[in-house]
1. I'd like to check something: does segment A:159-166 contain any residue that is polar (S, T, N, Q), more than 16 Å from ligand 1 (Cβ to nearest atom), in contact (Cβ under 8 Å) with a residue 24 or more places away in the chain and within 14 Å of chain B (Cβ to nearest Cβ)?
2. Name the residue, out of A:153, A:211, that is within 16 Å of ligand 1 (Cβ to nearest atom) and surrounded by fewer than 24 Cβ atoms within 10 Å (Cβ to Cβ).
3. Restricting to segment A:180-226, give me the number of residues that are under 30 Å from residue B:110 (Cα atoms), within 10 Å of chain B (Cβ to nearest Cβ) and of a type in the set (Gly, Ala, Ser).
4. With respect to residue A:41, determine if the residue is modelled with pLDDT of 95 or more, touching a strand residue (DSSP E or B) at 6+ places or on another chain (Cβ under 9 Å), among the aromatic types (Phe, Trp, Tyr) and more than 15 Å from residue A:7 (Cβ to Cβ).
5. Here are B:49, B:60, B:70, B:55: which of them is crowded, with 18+ Cβ neighbours inside 10 Å, closer than 22 Å to residue B:131 by Cβ and of a type in the set (Phe, Trp, Tyr)?
6. Quick one: which residue in B:86, B:79, B:93 is open to solvent by 70 Å² or more (accessible area, probe 1.4 Å) and touching a residue at least 60 places away in the same chain (Cβ under 8 Å)?
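The values are calculated or read from the model by the stated rules, or taken from the named source; none is laboratory data. Just so it is clear, the structure is predicted and the values come from calculations on it, not from any experiment. When we count neighbours, we look across all protein chains shown, and the Cβ atoms used for this are built from the backbone with ideal geometry, even at glycine. Areas reflect the complete protein model, heavy atoms only, side chains present, ligands, DNA and RNA absent. Shrake-Rupley method; radii C 1.70, N 1.55, O 1.52, S 1.80 Å.
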Amino acid sequence: MSGNMNLTLKIWRQNSGKEEGQLITYPVKDISPDMSFLEMFDVLNEQLVSKNENPIVFDHDCREGICGMCSMVINGRAHGPKSAITTCQLHMRSFKDGDTIVVEPWRAQAFPVIKDLTVDRTAFERIQSKGGFVSVNTGTAQDANCIPIPKDDADASFNAAACIGCGACVATCKNASAMLFVAAKVSQFALLPQGRIEAAARVKNMVAQMDAEGFGSCTNTGACEVECPKGISLENIARMNREYLAANCKD
Amino acid sequence: MNNTSPNFLTSSIGKKFLMGLTGLFLIVFLIVHASINASIFFNDSGTTFNMLADFMANNFILHLIEVVLFIGIAAHVVQAAILTRQNRKARPQKYAVQNSAVSSKWYSRSMGLLGTLLLMFLILHLKNFWVPTKMAVMEGVKDHHTFTHLIDIFSNPIIVVVYLLGLVSLLYHLLHGFQSAFQTFGLNHKKYTPFIKALGFWYSVIIVLLFASMPITIFLGLIK
Ligand code: HEM
Ligand code: SF4
Ligand code: FES
């Protein structure tokens, strides 16, 4: 078909966390510009399987930008050359015929490689389990509607809640810091009366777990905000810093 | 929810607070330092400058402030070293390709390097001025002739160039550091943040130009 592309892919292959990995070059032919990046991977994997080679392992689930699984650093940018999208939302028309594309996994000590492009992101779940929830009974839906909340706070909380836990912030940050993720999870509750009750313990516990997992600290470069597919803003990190200071001043 | 958090100061955010606090303290110090030095521009053969320098060298309260200043710098540098080491460790395997320039400024990613250059400059600077003055005080000399000493040192073009390079490091360190400290303290506000960023930019540019003008004018023989 005309307009289709031939590309050279350099993809990180690594058998397990214990073995060394390396970039392997794969040519792919006749890629439609309308394919998503992951569909291009499906085509490549079919070729590999038909040649009796191991397919490339990569994470994916929803393929519509809501699950946060499709972690890949493409040509040095988390989720590829476009801002505010995930890899599954990236189309091949963002590349040119003849391009060489380097694909690597998220790189962070706290996100060890499982195989090829798949990394273990359960560090995020362990942080969440330390306080990313409300454990008091907040009543039913109509009870929630009875508590007046300023529109600005509701909007800011909703925007923070848009975080899909994809880890692009960690992958992008020069310090592999998880501050944007944790700040989103802290802010989402800190802005609402239902979340205020446990606000102090929440921020302290989640930050403690974040540190224990071996994520780096924040140097305010702002790179996470640029690469976050959900537009989580640095204001959330400032809010978490405030919450953390206030929580520590309390005792 | 139980509280399982360790000490504030050992946490990543706590360390950053201390960095920001000491950084802002140094920023205030730079204003005082630059203002006093600017007295050379009275161009009165250093009368005002020497008077201020003598006052500084023989005042008890200022000695106390000097100690606080050294502790501040030490705390800033130690925390910087700890944090930079931890941050390196957080990414043991580097990317083969990383396109950092699209998402952040180079100097925001180079604070450790800029800081190290600053520290090297600081050591040279102390050796040039602080050590000789201290020696003189210890030997009981009352008249320090700091001004003559200043003119001597800045007649050496190599020293002038090294000082200017030190100031370039300071410029970029401050361009990121000033506004970064406020973000660390949790001050990020739609209305005030643009003001803080502008203030940080102008502070950095003005303080560096003011400092730079001193070795340059002295080297050119404009200050006598
Ligand atoms: C006159 C001297 C200095 C001033 C005014 C200054 C100021 C600052 C400020 C305001 C910050 C921002 C803190 C924050 O983000 O919370 C900072 C960060 C930093 N400084 Fe300095 N500093 C000075 C000297 C040094 C020296 C000598 C070193 C190193 C050996 C250093 C290393 C660092 C590092 C690594 C950071 C962290 C960067 C970041 O987190 O964004 N600084 N400094
Ligand atoms: S803050 Fe953004 S980049 Fe980080 S995990 Fe959440 S959605 Fe992903
Ligand atoms: S596969 Fe779900 S966000 Fe990409």
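1. Yes, segment A:159-166 contains at least one residue that is polar (S, T, N, Q), more than 16 Å from ligand 1 (Cβ to nearest atom), in contact (Cβ under 8 Å) with a residue 24 or more places away in the chain and within 14 Å of chain B (Cβ to nearest Cβ).
2. A:211
3. The total comes to 7.
4. No, not satisfied.
5. Criteria check complete, one pass: B:49.
6. B:86
Per-residue answers, yes or no, for (1) modelled with pLDDT under 95; (2) touching a Ser or Thr at 6+ places or on another chain (Cβ under 6 Å); (3) more than 11 Å from ligand 2 (Cβ to nearest atom):
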residue: A:116; (1), (2), (3): no, no, yes
residue: A:121; (1), (2), (3): no, no, no
residue: A:130; (1), (2), (3): no, no, yes
residue: A:136; (1), (2), (3): yes, no, yes
residue: A:148; (1), (2), (3): yes, no, yes
residue: A:162; (1), (2), (3): no, no, no
residue: A:183; (1), (2), (3): no, no, no
residue: A:191; (1), (2), (3): no, yes, yes
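Yes/no matrix, rows are residues, columns are (1) away from ligand 1 (no atom under 16 Å from the Cβ); (2) more than 19 Å from the chain's Cα centre (by Cα); (3) surrounded by fewer than 17 Cβ atoms within 10 Å (Cβ to Cβ); (4) over 27 Å from residue B:42 (Cβ atoms):
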residue: B:113; (1), (2), (3), (4): no, no, yes, yes
residue: B:116; (1), (2), (3), (4): no, no, yes, yes
residue: B:131; (1), (2), (3), (4): yes, no, yes, no
residue: B:140; (1), (2), (3), (4): yes, yes, yes, yes
residue: B:146; (1), (2), (3), (4): yes, yes, no, no
residue: B:166; (1), (2), (3), (4): no, no, no, no
residue: B:172; (1), (2), (3), (4): no, no, no, yes
residue: B:181; (1), (2), (3), (4): no, no, no, yes
residue: B:186; (1), (2), (3), (4): no, yes, no, yes
